[in-house]
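Coordinate-derived values only; no laboratory data. Worth saying up front: this structure is predicted, and the values here are computed from it rather than measured. Using ideal geometry, Cβ is built from the backbone for each residue, glycine included, and neighbour counts are taken over all protein chains shown.
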Amino acid sequence: MKIMKVDHYEEMSQEAAKLVKEKIKANPKATLGLATGGTPVGMYEQLIKEYKEGSLSFRHVKTINLDEYVGLTAGDENSYRAYMNNLFFKHIDIPNESTFLPNGDADDLQKECEYYEETIKSIGGVDLQILGIGGNGHIAFNEPGTPFTSRTHVVKLASATREANARYFDDEEDVPEYAVTMGIETILESKEIVLLASGENKAEALRELVEGEKDEANPSTALQGHPNLTIIADRQACKKL
Ligand code: GLP
């Protein structure tokens, strides 16, 4: 595990964008695993800037996202599909058919999970996975207690997660109760992982990830065994390290 301590959110975003850019330069057909939430927004902004300046193209890149809420259509402004389209995809030259997210509105969610696993395989697996971390140690939507052997599955969101994400909805009641998420084992199969953490509210989760015992009670500790993990965290998030 490599830890890159940076001063603030902007620097974290720039360093993350730099790693993504290097990956695409080395392999223009790279598959990127992407995350949502507040943390990676600055990284996406930086990547859009690089694209607009002409120093980066996503024409042959594929992207696959970690998770999606159950019950929201792709057109719903709170879906992760809408987040990705609005904050990233529509600003760059990636073909729509090269971007993948679970369909949280599928009639048969179990089948959707299986289909998503097949999709990951069919595009050659994830070359570089970007991750955030929940205050309770979740990665993607793998809540505390999720088996480390889990594959893409439907999850009931922890109340702490629904509270944390309520800021995007009119009302906390509107936050979906369930989500489809890549499993922990699915995530661990990524060839390289970059985890981003910013702010004091992530300090305890980050301490657990770096120094805690590997335990399913804390999903992020599964990452300790990954052979190519880089953590980019700002001063506030590193407070307890
Ligand atoms: C969300 C997402 C995760 C994200 C995490 C932290 O619920 N499913 O992928 O990493 O929680 O979110 P944020 O970056 O907004 O703190």
For the chain, what does the helix formula give at 222 nm: sum of -39500 (n - 2.57) over DSSP H segments with n ≥ 4, over the residue count, nearest 500 deg cm²/dmol? -9000 deg cm²/dmol
per DSSP, antiparallel bridges as share of beta bridges in segment 2-234, % nearest 5, sits at 30
Charge dipole magnitude, Cβ of K and R +1, D and E -1 - segment 1-160, Cα centre, debye nearest 20: 580
Quick one: 80, 178, fewest Cβ neighbours within 10 Å first, how do they rank? 178, 80
Can you give the FRET efficiency to the nearest 0.05 for residue 55 and residue 200, using r as the Cβ-Cβ distance and R₀ = 51 Å? 0.90
Inter-part gap, Cα centre of segment 164-226 to Cα centre of segment 1-60, in whole angstrom, is 19
Debye intensity ratio in log₁₀ form over the Cα atoms of the chain, taken at each q of 0.09, 0.12, 0.15 Å⁻¹: -0.34, -0.62, -1.03
Computed over the Cα atoms of segment 155-241, what is the convex hull's projected area averaged over all directions, in nm²? 6.3
Ranked highest first by average number of other Cβ atoms within 10 Å, how do 164-172, 225-233 line up? 225-233, 164-172
Distant alpha-carbon pairs in segment 86-201 (separation over 19 angstrom), percent: 55
Among 23, 5, what is the fewest-to-most ranking by other Cβ atoms within 10 Å? 5, 23
Take 1, 43, 84, 182 and order them by how many other Cβ atoms sit within 10 Å, fewest up front. 1, 84, 43, 182
